[in-house]
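Peer 1: Can you keep this structure in mind? I'll have questions shortly.
The values are calculated or read from the model by the stated rules, or taken from the named source; none is laboratory data. Remember, predicted model here, so these are calculated numbers, not experimental data. So basically every Cβ, Gly included, is an ideal-geometry build from the backbone, and we count neighbours across all protein chains shown.
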Amino acid sequence: MLKTGLSDCYNIADLRKRARRRLPKAMFGYLDGFAEDGVSGRRNRNSFDRFQLVPRVLVDVADVDLSTSILGQHSEAPIICAPVALPRLFHHQGEIASAQAANDAGIIFTLSTLASIPMEAVASVPGPKWFQLYMYRDKGLVKELVDRAKASGYLALCLTVDAFIGGNREQDLRNGFSVPPHPSMRTILETALHPAWCWDYLTKPKVTTANVSGDRIAGSEGKTTLLEYVTKQLTPSVTWKDVEWLREQFDGPLLIKGVLCADDAEQARNLGVNGLVLSNHGGRQLDHTVAPIDVLPEIARRVGDDLEIVIDGGIRRGTDVIKAIALGAKACMIGRPYIYGLSAAGQAGVKKSLDLLRAEILRDMQLLGCRSLAELNGKFIRIGE
Ligand SMILES: Cc1cc2nc3c(=O)[nH]c(=O)nc-3n(C[C@H](O)[C@H](O)[C@H](O)COP(=O)(O)O)c2cc1C
């Protein structure tokens with residue numbers, strides 16, 4: 001049997017190391033990298049340190065309940081798999097493996113518009129799923145995606161509003177990252193040094209944007225950077241009018257992903273949106289943004305009674321999740337953590353990432369002296385410098 005090294009992974013950082021080992025440099029760079037100087041990305045992590053936990057002692061924590069309900073959907077833990085474009089670049093099992101592991105963990109899986117497996121095929125994996133939507137220039141195409149998502153049983157739509165043009169990810173340019181990978185001397189050599197990934201990639205069906213294929217997508221054939229694709233297909237003219245339009249097209253729960261300002265949160269609420277994902281796209285879009293965890297308290301105060309708030313960006317530990325819930329979030333999305341697992345070992349790796357996080361949340365809740373997510377509130381947090 002192939003050694004995956006998962007038994008040597010004790011936290012998400014260990015899974016990251018395994019992913020780095022298995023992936024060619026350009027693939028790992030696309031997964032792990034930030035935009036420009038990486039300030040948003042680093043801040044996502046560092047900001048968690050400001051929020052200190054204040055444990056209560058002598059509480060009976062023999063039975064801690066980590067389950068919750070997110071927009072009416074039961075979840076066994078306050079974590080959600082974030083939408084990630086083209087996961088089959090990292091492992092041929094892609095979204096199927098990820099959705100299966102999410103279902104086994106009893107949590108929600110979010111499928112990207114830029115999925116590498118068609119949404120209908122992913123929908124055939126049991127378990128609750130959301131569909132992440134990008135606003136294409138072609139509204140007819142967006143309407144088709146919405147109708148297909150609804151017909152295939154996706155429970156909620158999540159409109160991403162912070163990536164209507166690609167972020168400036170210089171490492172992708174430097175590494176020659178493209179879809180499909182461009183065969184230069186350097187990339188061929190790099191790929192040869194990662195035989196497991198290479199075998200997987202070359203022997204499995206081609207990686208494409210499976211939800212939106214065909215002649216409607218000019219530029220989807222041949223070598224193209226993801227940045228070029230996004231720039232050609234998505235519209236930078238997306239506004240609140242499109243949110244109003246989308247609200248009319250879809251009567252299920254609607255979230256907006258990429259909100260960081262309380263005024264925008266109010267605007268979303270006024271237009272009948274049901275939830276927000278406070279996010280800077282994992283530091284991959286605008287550099288130097290505020291960190292989602294830093295704006296969470298204010299946004300929760302402004303709209304928390306009316307909207308369900310999810311946050312993402314830099315969540316790597318159970319304590320990160322606990323802090324977010326205590327400050328007013330309903331759940332946290334994780335992006336890279338489960339994709340590190342996928343990259344390292346397919347479905348078993350995704351399962352490992354979810355198991356690790358769940359075990360950490362459980363242990364930390366016990367050590368914090370808190371028995372359920374409903375009990376978790378600002379009293380457990382002290383804000384430091
Ligand atoms: C490789 C990769 C691809 C992504 N693709 C998408 C996408 O297609 N749609 C989207 O809304 N967000 C996308 N994101 C952002 C994630 O949904 C999420 O906001 C981010 O990863 C959270 O930060 P974290 O990776 O630190 O957990 C992507 C992130 C990564 C790492």
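Peer 1: Residues to consider are Leu58, Leu86, Leu15; find the one that is under 19 Å from the mean Cα position of the chain (by Cα) and at positive phi.
Peer 2: Leu86
Peer 1: Give the residues of region 143-155 that are touching a residue at least 24 places away in the same chain (Cβ under 8 Å) and within 13 Å of Val212 (Cα to Cα), sorted by residue number.
Peer 2: Lys143, Leu145, Val146, Arg148, Ala149
Peer 1: Sticking with this one: Please determine whether any residue of region 151-159 is within 30 Å of Gly29 (Cβ to Cβ), within 11 Å of the ligand (Cβ to nearest atom) and at pLDDT 95 or above.
Peer 2: Within region 151-159 (the criterion being within 30 Å of Gly29 (Cβ to Cβ), within 11 Å of the ligand (Cβ to nearest atom) and at pLDDT 95 or above), the answer is yes, since at least one residue qualifies.
Peer 1: Need the failing condition index for Asp306 against (1) in a loop (DSSP other than H, G, I, E, B); (2) out of contact with any strand residue (DSSP E or B) (no Cβ under 7 Å at 6 or more places or on another chain); (3) more than 16 Å from the ligand (Cβ to nearest atom); (4) over 25 Å from Leu66 (Cα atoms), just the number.
Peer 2: Single failed check for Asp306: (4).
Peer 1: Anything in region 22-65 that is of a type in the set (Lys, Arg) and outside any loop (DSSP other than H, G, I, E, B)? List them, or say none.
Peer 2: Passing the criteria: Arg22, Lys25, Arg42, Arg43, Arg45, Arg50.
Peer 1: Among the residues of region 326-346, count how many are buried (at least 24 other Cβ atoms within 10 Å of the Cβ) and within 21 Å of Pro253 (Cα to Cα).
Peer 2: Residues in region 326-346 being buried (at least 24 other Cβ atoms within 10 Å of the Cβ) and within 21 Å of Pro253 (Cα to Cα): 5 in total.
Peer 1: Select from region 107-146 the residues that are closer than 26 Å to Pro181 by Cβ and hydrophobic (A, V, I, L, M, F, W, C) and write down the one among them that is surrounded by the fewest Cβ atoms within 10 Å (Cβ to Cβ).
Peer 2: Applying the filter and picking the extreme gives Ala121.
Peer 1: In region 108-133, what residues are in a loop (DSSP other than H, G, I, E, B) and within 14 Å of the ligand (Cβ to nearest atom)?
Peer 2: Passing the criteria: Ser112, Thr113, Leu114, Ala115, Ser116, Ile117.
Peer 1: Between Asp104, Asp162, Asp172, which is part of a helix (DSSP H, G or I), surrounded by 16 or more Cβ atoms within 10 Å (Cβ to Cβ) and within 12 Å of the ligand (Cβ to nearest atom)?
Peer 2: From the options Asp104, Asp162, Asp172, the qualifying one is Asp172.
Peer 1: Could you look through region 247-285, keep only residues that are part of a helix (DSSP H, G or I) and at positive phi, and pick out the one that is nearest to the ligand (Cβ to nearest atom)?
Peer 2: Looking at the filtered set, the residue picked out is Gly282.
Peer 1: Between Val310, Val295, which is over 30 Å from Arg21 (Cβ atoms), β-branched (Val, Ile, Thr), buried (at least 19 other Cβ atoms within 10 Å of the Cβ) and in contact (Cβ under 8 Å) with a residue 40 or more places away in the chain? Outline the logic, then answer.
Peer 2: Details: Val295 fails: in contact (Cβ under 8 Å) with a residue 40 or more places away in the chain.
The conditions single out Val310.
Peer 1: For region 5-33, enumerate the residues that are surrounded by fewer than 22 Cβ atoms within 10 Å (Cβ to Cβ), of a type in the set (A, V, I, L, M, F, W, C) and away from the ligand (no atom under 15 Å from the Cβ).
Peer 2: Leu6 - this is the single residue of region 5-33 that is surrounded by fewer than 22 Cβ atoms within 10 Å (Cβ to Cβ), of a type in the set (A, V, I, L, M, F, W, C) and away from the ligand (no atom under 15 Å from the Cβ).
Residue-wise test of (1) of a type in the set (D, E, K, R); (2) within 12 Å of the ligand (Cβ to nearest atom); (3) out of contact with any Gly (no Cβ under 8 Å at 6 or more places or on another chain); (4) not in a loop (DSSP other than H, G, I, E, B).
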| site | (1), (2), (3), (4) |
| --- | --- |
| Ile315 | no, yes, yes, no |
| Val321 | no, yes, yes, yes |
| Ile325 | no, no, yes, yes |
| Leu342 | no, yes, no, yes |
| Asp355 | yes, no, yes, yes |
| Glu360 | yes, no, no, yes |
